[in-house]
1. List, in order, the whole-Hz ³J(HN,Hα) value for each residue of segment 45-58 obtained from phi through the Karplus relation with A = 6.51, B = -1.76, C = 1.60 and θ = phi - 60°; use x for Gly and Pro.
2. Is segment 183-258 best put as rounded, prolate or oblate by its Cα gyration tensor, with a ≥ b ≥ c the root eigenvalues, rounded for a/c under 1.5, and otherwise prolate when a/b is larger than b/c, oblate when not?
3. Stick to Cα atoms and the Kirkwood definition of Rh, then tell me Rg/Rh for segment 125-228.
4. Could the peptides 63-71, 194-202, 31-39 be put in order, highest first, of the mean number of other beta-carbon atoms found within 10 Å of their residues?
5. Taking the Cβ of C287 as the centre, find all other residues whose Cβ is under 10 Å away and add up their charges (Lys, Arg: +1; Asp, Glu: -1).
6. With a 10 Å cut-off between alpha carbons and a GNM built on the chain, which of T127, T245, T227 moves the most?
7. To check you understand DSSP bridge types, tell me what percent of the beta bridges within segment 147-284 (both residues inside) are antiparallel, rounded to 5.
8. Give me the accessible area per residue for the chain, probe 1.4 Å, as a whole number in Å².
Amino acid sequence: MKCKFCEKKAFIKLHYPKMYLCREHFIEYFERKVKRTIEKYKLLKRDERILVVVSGGKDSAVVSYVLKKLGYNIECLYINLGIGEYSAKSEEYAKKQCEMINAKLHIVRVRELLGAGIGELKTSRPTCSYCGITKRYIFNKFAYDNGFDVIVTGHNLDDEASFIFGNIMNWNTQYLAKQGPLLPGEGKFVKKVKPLYEVTEREVVAYALAVGIDYMVEECPHARGATTLSYKEILNDMEEKRPGTKINFVKGYLRKRHLFEQEIEEVEFKECKVCGMPALGEKCSFCKVWRLEKPIDFRIKPQISST
């Protein structure tokens, strides 16, 4: 088949909207879609300091590549979770990806910082639960300590659709009230945005291939059997039968999100007695899980010249 806009051989067949595109026109289509998402939801400003959280995987690699190409002022943060060979390998991918786009990369290693890697901590919490707490705390405090205006994550349309679907299945109205492409900053919480909010996982994979981004393919060993993967399979099956299911589902949720907002309980955050970050009790979840007694300073140390 040939590209819809030229006579070149098609690189990809898009199911929604239905069309064939060559490599060049697909790259143009993808970047325009991300740019439109940023503008539509007012995610980023040109003068903001942007911290992109990278993992070595396709989504964060693609979002950092596109933002850099669009001229945004970005730096990247990689959190090494201390999960054996998996983390060592993903760190190498993150380094290569940032070198490719000439973006500054900051690395935080959980084992060096906290004395244990994810999966090694003795706690009653499930591994994925305290891993999520750890990642969210580190990238937020790193951004806060270093004066970043906004945090970017690589969540794509498939991630968002499965998250919404899962929370509707369990009627987690507190989460449904706050989900979306933009989470405004408040106090010590730094603004968080998702520029890939309206692009599918399949499109992200195709874009990475089109521009030559090498990325980590292996899933985290702790993610095997995760419920979210089952939700993605269900939605993929529905998308196959009815193209456009995912985007229409997510857009419909955004139109009706206000119905869940009345379910939000007024929460008064305190200051964690250990680190000073927002907390519901005396200690924030991070300090509680890791049993910390003193705060961690993530401020970037100035480079000392050897001359």
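1. For segment 45-58, the Karplus-derived couplings read 10, 4, 8, 7, 8, 10, 10, 9, 7, 10, 10, x, x, 5 Hz, x marking Gly and Pro.
2. Details: a/c = 1.43, a/b = 1.13, b/c = 1.27.
Rounded.
3. Values: Rg = 15.3 Å, Rh = 15.7 Å.
On the Cα set of segment 125-228, Rg over Rh gives 0.97.
4. Values: 63-71: 19.9, 194-202: 22.7, 31-39: 15.7.
Ranking the peptides 63-71, 194-202, 31-39 by packing returns 194-202, 63-71, 31-39.
5. Values: positive: K273, K283, K288, R291, K294; negative: E282, E293.
After counting each charged neighbour, the total is +3.
6. Comparing T127, T245, T227 in a Gaussian network model of the chain, the most mobile one is T227.
7. On the way: 5 of 8 bridges.
Around 60 percent antiparallel, to the nearest 5.
8. Working: 17040 Å² over 307 residues.
Value for the chain: 56 Å² per residue.
The values are calculated or read from the model by the stated rules, or taken from the named source; none is laboratory data. Please read these numbers as outputs of a predicted model, since none were measured by experiment. Note that each Cβ is placed from the backbone with ideal geometry, even for glycine, and that neighbours are counted across all protein chains shown. Just so you know, the surface numbers come from the protein's heavy atoms only, side chains and all, with ligands and any DNA or RNA stripped out. Shrake-Rupley method; radii C 1.70, N 1.55, O 1.52, S 1.80 Å.
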